[in-house]
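Asks: Just dropping this structure here.
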Amino acid sequence: MIELEAALERVLSTLPSPVSEQVPLSDSLDRIAAAPVAAPISLPCFDNSAMDGYALRSTDTGTATPENPVGLAKVGQVPAGAIFSGPALESGQCIRIFTGSPLPEGADAVIMQEDTRADGETILCLDTVKPWENVRLAGEDLKRGTELVASGDRLTAGRIAVMAAFGIPTLAVGRRPKVGLVATGDELREPGATLKPGEIYESNRRALAQFVVRAGGLPVEYPLVNDRLDATTSALRRAFDECDIVATSGGVSVGEHDHVKAAFEALGGSLDFWKVRIKPGKPFVFGRVREKLLLGLPGNPISALVTFLLLARPAILRFQGATETALERAPGVLTEDLRNHGDRRHFMRVHLDGSGQVRSAGMQASHALGALLDANALLDLPPNCALHAGDPVSVLRID
Ligand code: AMP
Ligand code: MG
């Protein structure tokens, strides 16, 4: 039995180097940058107006007030998207300007329209302006050459917005792994089937597929597999032929109907570790065949989910080159007492609300699905530990 961190280290270090592919910016949300991106130009690209108003020389406004306005001659206008075509602005003149219009030559400030009054072609300034007031200076936002994203960064909506402002049409991102989902168990039936006594609906493939997608992987769901060695071997062979990572569920315990390990070895796979010191999810199998990974998850739905989030999700992210692979942490305060009497870390399913309060999401058993209706985080409770209402905690967000 190994510790979670050691298990994770072994999984991540087994992954092949990421392969990059070019995608349109519009398809890049949550993908992982495969190369750094530097700003190709500066933003703003040119000095421009932050207001609708008049471009002028700031010194011309002198000591203007509403009672003693200063009159300037309007000599033209510059709409957004155009360049003022006339001669450089001189003292005593102003040019009508709009938000985003390039600042005309000779001007060093913009007076906002609300601080002026028009008297024919004379603009009366009712207030003074300082040099560069209401001007957005070239490069003040992002300078050309600034690193916008590093290799391994996730492309968030905000980062994509910035790339769009630079006119970047495509990005190099890490290839997404195909993740085969294979569920084993004679008792499992497809949704819609009529259950015979002793049978249950299979749910792990569907549950895991959602989290595979969230991690950027491409889930491939395979037909249900009976608890026979030959059936398990041929299902694994097909999945490993078609996928980069194969996540099985069930069949990794000590029962005589548990064939995943033997089937994997029959394919030439080598097992790395089996059993991680966590609850739920102790019987987790990790192995490799060629450059591909077997993640053998326990069958109990909660065990499968928790081990997926702690060990398979990081692998899917690192396959794409992600630097950050851990679940996001969030601080909170417990609203009830929670205990772990066992000798393994217990990843409890909890609900973190918008004000930071944390409570158990429901029954904490590895088969009990009810808690998933409300769980949006895991609480990593150390062995033999009791926490009390009011204690500060740090939870791992899962949704
Ligand atoms: P196993 O790990 O195969 O011994 O299964 C442990 C428990 O999880 C048993 O109660 C199984 O019926 C249940 N189980 C296994 N696989 C699935 C699945 N894909 N969907 C729902 N329950 C499952
Ligand atoms: Mg089974």
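Asks: If I ask for residues that are in contact with a Leu (Cβ under 8 Å, 6 or more places away or on another chain) and open to solvent by less than 30 Å² (accessible area, probe 1.4 Å), which ones from region 346-361 would you list?
Replies: His346, Phe347, Met348, Arg349, Val350, Val358, Ser360, Ala361
Each row is one residue, and each column tells you yes or no for (1) more than 21 Å from Asp47 (Cα to Cα); (2) assigned to a loop (DSSP other than H, G, I, E, B); (3) over 52 Å from the mean Cα position of the chain (by Cα); (4) without any contact (Cβ under 8 Å) to a residue 40 or more places away in the chain.
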site: Lys74; (1), (2), (3), (4): no, no, no, no
site: Pro104; (1), (2), (3), (4): no, yes, no, no
site: Val110; (1), (2), (3), (4): no, no, no, no
site: Arg117; (1), (2), (3), (4): yes, no, no, no
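Asks: Okay, next question. I want to confirm something. Restricting to region 236-268 and keeping residues that are within 13 Å of ligand 1 (Cβ to nearest atom) and of a type in the set (A, V, I, L, M, F, W, C), which single residue is farthest from Val289 (Cα to Cα)? Explain how you work it out, then say what you get.
Replies: If we filter region 236-268 for residues that are within 13 Å of ligand 1 (Cβ to nearest atom), which is where we start, we get 247-261.
Then drop every residue that is not of a type in the set (A, V, I, L, M, F, W, C), which leaves 247, 252, 254, 260.
Details: Ala247: 13, Val252: 17, Val254: 22, Val260: 14 Å.
Per the stated criteria, the residue is Val254.
Asks: Starting from residues that are at pLDDT 95 or above and surrounded by fewer than 19 Cβ atoms within 10 Å (Cβ to Cβ), keep the ones in region 75-85 and report whichever is farthest from Arg136 (Cα to Cα).
Replies: Val75
Asks: Of (1) touching an Asp or Glu at 6+ places or on another chain (Cβ under 9 Å); (2) open to solvent by 40 Å² or more (accessible area, probe 1.4 Å), Ser58 satisfies all except one. Which?
Replies: Tallying (1) touching an Asp or Glu at 6+ places or on another chain (Cβ under 9 Å); (2) open to solvent by 40 Å² or more (accessible area, probe 1.4 Å), Ser58 fails exactly one: (2).
Asks: Among strands (runs of 3 or more DSSP E) lying entirely in region 144-256, which contain 1 or more residues that are farther than 30 Å from Pro40 by Cβ, more than 16 Å from ligand 2 (Cβ to nearest atom) and open to solvent by 10 Å² or more (accessible area, probe 1.4 Å)?
Replies: Per the criteria, 178-183, 218-221.
Asks: Something else: Please work out if Gly281 is touching a Leu at 6+ places or on another chain (Cβ under 9 Å), modelled with pLDDT under 95 and closer than 21 Å to Leu378 by Cβ.
Replies: yes
Asks: In region 257-275, what count of residues is obtained for those that are farther than 25 Å from Leu310 by Cα and either more than 16 Å from ligand 2 (Cβ to nearest atom) or among the small types (Gly, Ala, Ser) (or both)?
Replies: Going through region 257-275 one residue at a time, the tally reaches 3.
Asks: Looking at region 277-297 only, could you name the residues that are open to solvent by 10 Å² or more (accessible area, probe 1.4 Å) and within 12 Å of ligand 2 (Cβ to nearest atom)?
Replies: Passing the criteria: only Pro283.
Asks: Moving on. Output yes when any residue across region 97-106 is in contact with a helix residue (DSSP H, G or I) (Cβ under 8 Å, 6 or more places away or on another chain) and either modelled with pLDDT of 95 or more or surrounded by fewer than 20 Cβ atoms within 10 Å (Cβ to Cβ) (or both), and no when none is.
Replies: Restricting attention to region 97-106, the residues satisfying the condition of being in contact with a helix residue (DSSP H, G or I) (Cβ under 8 Å, 6 or more places away or on another chain) are none.
Within region 97-106 (the criterion being in contact with a helix residue (DSSP H, G or I) (Cβ under 8 Å, 6 or more places away or on another chain) and either modelled with pLDDT of 95 or more or surrounded by fewer than 20 Cβ atoms within 10 Å (Cβ to Cβ) (or both)), the answer is no, since none of the residues qualifies.
The values are calculated or read from the model by the stated rules, or taken from the named source; none is laboratory data. Nothing here was measured: the structure is a model prediction, and the numbers come from that model. Cβ atoms come from the backbone with ideal geometry, glycine included; neighbour counts cover every protein chain shown. We work out accessible area using only protein heavy atoms, side chains counted, and drop any ligands, DNA or RNA first. Shrake-Rupley method; radii C 1.70, N 1.55, O 1.52, S 1.80 Å.
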